[in-house]
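Visitor: For reference, the structure I am asking about is given below.
The values are calculated or read from the model by the stated rules, or taken from the named source; none is laboratory data. Quantities reported herein were computed from a predicted structural model and do not represent experimental measurements. Please note: Cβ atoms are built from the backbone with ideal geometry, for glycine as well, and neighbour counts cover all protein chains shown.
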Amino acid sequence: MSRLRVDIKRLERLSQEAEADRALLGSGAIDLPEFTRRHPIPAPKVRRKKGMTAMEACGGCSSTVGTPHPKVIGLYTCGHCGGIVGNCYLGDFHGIVKPRWCAETNVSQDRWRYYDVTTLGSKGRERQHGFFDKETGCILQTG
């Protein structure tokens, strides 16, 4: 009986906190970034399809489910946003993301793909991350 009372009190407290948060967000007294720091948004749930495996968290969407990249061993394609995550040799990576900037200035958002890859080259290990055009393979934004 006492366990039931504790659970009811906990539910009431959580309900009051939720009401207070709704009031703060609605009044404009708190900005959304501060709210999400207090209440982190969970990674998107992606239903695992055949061939999907666990991978490092994608920097573009925080998903941890993807498929092995068809061209390069060690890379994964994110199952949620289509980004590329993993480790590989620098030359293999340049086969996917060209080491040059995109010539087009207005590339539509549906062609942007995120990449976060640790490469091994003549300079040692380097982390490369940013956005590239999925059709041309050219870099749109780094960092």
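Visitor: Step by step: first the residues of region 130-143, then only those that are of a type in the set (Val, Ile, Thr) and assigned to a strand (DSSP E or B), then the one that is nearest to residue 63 (Cα to Cα). Which residue is that?
Guide: 142
Visitor: Anything in region 101-129 that is in a strand (DSSP E or B) and surrounded by fewer than 16 Cβ atoms within 10 Å (Cβ to Cβ)? List them, or say none.
Guide: 101, 121, 124, 125, 126, 127
Visitor: Further question: Can you spot a residue in region 32-45 that is at pLDDT 60 or above, more than 24 Å from residue 94 (Cα to Cα) and outside the structural domain of residue 95 (by TED's automatic domain parsing)?
Guide: no
Visitor: Return the total of residues in region 70-95 being in contact with a helix residue (DSSP H, G or I) (Cβ under 7 Å, 6 or more places away or on another chain) and within 13 Å of residue 113 (Cβ to Cβ).
Guide: Matching residues across region 70-95 total 0.
Visitor: Report the residue count in region 110-143 for those that are farther than 19 Å from residue 71 by Cα and among the polar types (S, T, N, Q).
Guide: 3
Visitor: All but one of (1) in a loop (DSSP other than H, G, I, E, B); (2) hydroxyl-bearing (Ser, Thr, Tyr); (3) surrounded by fewer than 18 Cβ atoms within 10 Å (Cβ to Cβ) hold for residue 63; state the number of the condition that does not hold.
Guide: Here residue 63 meets the rest and fails (3).
Visitor: State all residues of region 127-143 that are of a type outside the set (S, T, N, Q) and in contact (Cβ under 8 Å) with a residue 12 or more places away in the chain; if no residue qualifies, say none.
Guide: 129, 130, 131, 132, 133, 134, 135, 137, 138, 139, 140, 143 - these are the residues of region 127-143 that are of a type outside the set (S, T, N, Q) and in contact (Cβ under 8 Å) with a residue 12 or more places away in the chain.
Visitor: Shifting gears a bit: Please name all residue pairs, on different chains or six or more residues apart, with Cβ atoms under 9 Å, provided the first residue is in region 51-77 and is at pLDDT 80 or above and the second residue is surrounded by fewer than 19 Cβ atoms within 10 Å (Cβ to Cβ) and aromatic (Phe, Trp, Tyr).
Guide: 72/89; 74/89
To keep it simple, each residue is scored yes or no on (1) of a type in the set (S, T, N, Q); (2) within 16 Å of residue 130 (Cβ to Cβ); (3) not assigned by TED's automatic domain parsing to the domain that holds residue 133.
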site: 58; (1), (2), (3): no, yes, no
site: 66; (1), (2), (3): no, no, no
site: 76; (1), (2), (3): no, no, no
site: 90; (1), (2), (3): no, yes, no
site: 105; (1), (2), (3): yes, no, no
site: 109; (1), (2), (3): yes, yes, no
site: 114; (1), (2), (3): no, yes, no
